[in-house]
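Scroll down for the structure; my scribbles are underneath it.
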Amino acid sequence: MDNNDIMKKLRVALKLRDDEIVDILKLVNFNISKSELSAIFRKDDHPNYVICGDQLLRNFLNGLIIKMRGPMDPKKQQHDGE
């Protein structure tokens, strides 16, 4: 299973639209257009298919954490850095 498959499965499981995924990525300051995102969800034999990199998946998962749980408290961030 590759990153594209993981993104597809998360989109279906969480019932996310492309614009919602773009908004989740904006939470972590990662900008992507809907057309760039749709290229990730295409079949791998399609001419406009794009491989989903680790950075995109990582940022999506971090944005999803913020969306579901909210941003991390500044106090917790300080303790993690010590």
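Any read-out appearing in this document is the output of simple, stated calculations on the displayed coordinates, not a laboratory observation. Values in this document were obtained by computation on a predicted structure and should not be read as measured data. Neighbour counts are summed over all protein chains in view; Cβ atoms, including those assigned to glycine, are modelled from backbone coordinates with ideal geometry.
The table that follows gives values for the structure above.
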{"item": "Asp5 versus Arg69: modelled label distance in nm, points set 7 Å from Cα along the beta carbon direction", "result": "2.7 nm"}
{"item": "Pairs of Lys in segment 3-81 closer than 23 Å at Cα, counting only those 8 or more apart or on different chains", "result": "19"}
{"item": "Leu14/Asp45 FRET efficiency (R0 35 Å; Cβ-Cβ; nearest 0.05)", "result": "0.85"}
{"item": "GNM flexibility winner over the chain from Ile51, Ile40, Ile21 (Cα, springs under 10 Å)", "result": "Ile51"}
{"item": "Cα-based Kirkwood hydrodynamic radius, the chain, one decimal, Å", "result": "13.7 Å"}
